[in-house]
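Written below as structure tokens is the structure these notes are about.
Each value in this text was obtained by applying a stated rule to the coordinates, not by laboratory testing. Since the structure is predicted, the reported quantities are computational estimates derived from the model, not experimental observations. Here the Cβ positions follow ideal geometry from the backbone for every residue, glycine too, while neighbour counts run over all protein chains shown.
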């Protein structure tokens, strides 16, 4: 058995551990309702090789904004309408902890929705890599595009290649 130590995550929240948990695990423990979002999800699916400066998470727009002011890990909350948060969630287990992340099709819809917030290279690579991805689900993509009212954008950027 290795040496265990208390690792402070935020005021009143410690991990007793002999290893430092992955940041996704810490985020899921601190914010179980949050969903790994946008560039952070793109990275998970290989749609970008650019590591975002902060973990982007989708959270309820009505949640207490103060709770997201933490020193570690670096997070960038996106405040969404509650009705949009649960659309397209995948649950992955990391170190025995359930982590909520948007699926690849929802991630591409978010890429299109937040195009102006992304660097052009990140945006373009995400679209190209999605088109080549054998695990994409075009039916889901169009279903989400309908919900988010971006069917024309999906057709313009992706539909012509499918």
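Odds and ends about this structure:
- The chain - mean residue ellipticity at 222 nm from DSSP helices (-39,500 (n - 2.57) per run, n ≥ 4, rounded to 500): -10000 deg cm²/dmol
- Quarter of the Cα convex hull surface for region 34-117, i.e. its orientation-mean projected area (nm²): 5.8 nm²
- Gain upon complete extension [residue 83, residue 51; 0.36 nm per residue less C-alpha separation]: 8.7 nm
- For the peptides 134-141, 107-114, residues were scored by their other Cβ atoms within 10 Å and the scores averaged per peptide; the highest-first order is 107-114, 134-141.
- Each 10 Å bin, from zero up to the one with the longest distance, holds this percent of the alpha carbon pairs of region 73-162: 15, 47, 32, 6, 0.
- Degrees separating the helix 138-147 axis from the principal Cα axis of the chain, which is the longest one: 90 degrees
- Shape annotation for region 8-161: C-alpha extents along the principal axes are 51, 31, 27 Å, from largest to smallest.
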